[in-house]
1. Report the relative contact order of the chain, percent, no decimals, based on alpha-carbon pairs under 8 angstrom and at least 6 residues apart.
2. How big is the stretch 362-488 by Rg and Dmax over its Cα atoms, in Å?
3. Give me the one-decimal nm value for the distance between modelled label points at Asp219 and Ala193, 7 Å along each residue's Cα-to-Cβ direction.
4. Could you give the angle, 0 to 90 degrees to the nearest 10, between helix 318-327's Cα long axis and the longest principal axis of the Cα atoms of the chain?
5. Given R₀ = 51 Å, what would the calculated FRET efficiency be for His486 paired with Arg102, taking r from the Cβ atoms and rounding to 0.05?
6. Between Ala54 and Arg395, what is the FRET efficiency for a Förster distance of 30 Å, r being their Cβ-Cβ separation, to the nearest 0.05?
7. Taking R0 as 25 Å, what FRET efficiency do you get between Thr90 and Ala293 from their Cβ-Cβ distance, rounded to the nearest 0.05?
8. What per residue convex hull volume, in Å³, comes out for the stretch 1-92 when only alpha-carbon positions are used?
Amino acid sequence: MSAVCVMVLGTTSGAGKSWLATALCRHYARQGLKVVPFKAQNMSNNARVVAGGAGGEGEIGSAQYFQALAARAEPEVRMNPLLLKPEADTCSQVVLMGAVSRELSDLPWRGRSERVWPSITAALDALRAENDVVVIEGAGSPAEINLMDSDIVNLRVARHAQARCLLVTDIDRGGAFAHLYGTWALLPEADRALIRGFVLNKFRGDARLLAPAPQRLQDLTGVPVVATLPMWWQHGLPEEDGVFDDRSRSVGVVRLTVAVIAWPRISNLDEFQPLKNISGVRLVWARTPADCAGADWIILPGSKSTAADLAWLRAQGLDQTVAHHAAQGRAVLGICGGLQVLGEALIDPNGIDGNAPGLGLLPLVTVFDTDKTVRRSTVTLGELVGPWHALSGVRVSGYEIHHGQTVQHPAMAARGDVAREVVPGLAWQNVAGNVWGSYLHGLFEDPAVLRALFGATAPTLEAVFDGLADFLEQHIEPGVLDALIHKD
């Protein structure tokens with residue numbers, strides 16, 4: 001078996017590559033084909049724990065995790081062999097085949113390409129040998145001419161796989177035809193032949209008004225516009241790279257407002273997608289104290305740089321906002337890095353993250369370790385009181401990704417100031433019951449949690465994936481999807 005490779009390239013980041021690749025995965029899976037996703041290199045702090053890696057489990061980007069589910073395949077590390085997790089503007093943690101590589105993390109980014117290319121091709125070739133179709137996602141733009149000599153995610157992968165490529169652009173930004181033509185024009189001539197179609201994404205209005213531009217573009221390039229996809233606000237797929245700014249959007253009459261602190265190095269923000277789809281819940285991404293006004297819950301999410309994000313929290317005055325909210329007996333939840341921030345102190349003897357005093361809302365201390373905990377977990381929550389009491393005894397599944405190890409503060413415990421241990425070594429709650437924190441990501445993706453807290457569930461991922469495929473099939477030119485996998 002040698003899979004046909006269909007690749008989604010984009011004129012920019014945010015053009016729509018990830019969701020289009022997800023839709024393609026579900027479309028081809030619905031044809032009875034054996035399908036898997038692939039992205040050579042992903043830069044994102046949204047990651048999932050999957051099969052594979054040195055310890056039996058490892059990390060890949062969330063987009064490839066969801067694409068695998070859409071393809072009805074078991075997510076595994078070969079689907080995203082290289083994951084870069086930004087820790088600051090000029091450095092990232094490098095995850096190769098699911099595991100952190102300190103050696104690669106310390107290398108200049110241009111020096112990594114040749115070191116990782118054999119792992120990338122080995123992963124892709126193995127997936128091709130086992131499947132009928134591999135849906136490949138590119139990154140950013142393939143026409144970044146300052147990066148082409150070190151490219152390992154766009155053109156080099158396309159050439160290696162002889163992929164049939166779609167080039168997608170965000171027409172809502174303006175300049176879409178220039179973006180498509182300029183991208184095509186900057187590609188080496190041999191690589192232009194790999195482009196089988198242009199896709200206009202996020203279109204609003206009457207598509208007939210686009211004429212004669214699509215035909216003119218085809219006359220210039222020989223490449224047809226194969227789809228004009230309307231703007232679609234609520235497709236239900238979690239956002240991969242950034243925080244949605246639709247702060248006032250909710251489903252139904254608002255009964256509960258949840259403010260998620262959107263600090264600069266937020267990680268795993270995609271786990272809050274289900275809250276956007278629960279009737280009566282309003283999700284707010286909070287960057288200022290004013291954003292938290294009227295919030296019923298405040299959530300401190302995961303962070304790839306906990307100490308730096310805590311410093312940002314204080315600089316914005318949000319530390320006082322969270323403290324005041326908790327002092328009023330209102331609900332506060334910390335997840336992973338957010339849990340660490342709620343404690344008394346961050347201690348970093350190995351230079352992993354940074355030292356800092358915490359918010360002091362839980363009598364805990366976190367020590368950062370060189371070893372990283374990466375695992376899927378299923379636990380039964382112990383007794384919770386206060387606003388979280390409905391979760392008592394609920395069995396939940398999620399995942400852990402953290403360097404920190406958190407324990408009760410020794411001095412505070414000695415004088416009787418202890419936290420209620422909801423799950424040993426994993427989750428704690430304050431005595432009053434309104435503040436709790438957990439290392440377990442994915443709480444709001446668990447139907448049992450949604451039922452307990454809201455008496456409802458969000459749309460299933462299966463429904464989301466089918467909706468994506470239906471949408472694509474409705475708006476792409478007839479025969480294009482079949483032609484992409486027809487072996488020449």
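The values are calculated or read from the model by the stated rules, or taken from the named source; none is laboratory data. All figures in this text were calculated on a predicted structure; none of them were measured in a lab. With ideal geometry, Cβ positions are generated from the backbone for all residues, glycine too; neighbour counts draw on all protein chains shown. Ligands, DNA and RNA are stripped out before the accessible areas are found, and what is left, the full protein with its side chains, is counted by its heavy atoms. Shrake-Rupley method; radii C 1.70, N 1.55, O 1.52, S 1.80 Å.
1. On the way: 1095 pairs, mean separation 68.5, N = 488.
The value is 14 percent.
2. In Å, with Rg to one decimal and Dmax whole: 21.6, 75.
3. Simple spin-label model gives 2.6 nm for this pair.
4. Helix 318-327 sits roughly 50 degrees off the main axis of the chain.
5. Details: r = 45 Å, r/R0 = 0.88.
Plugging the Cβ-Cβ distance into 1/(1 + (r/R0)^6) gives 0.70.
6. Working: r = 29 Å, r/R0 = 0.97.
That pair, Ala54 with Arg395, gives E of 0.55.
7. With a Förster radius of 25 Å, E is 0.10.
8. Working: hull volume 10.1 nm³, N = 92.
Here the figure is 110 Å³ per residue.
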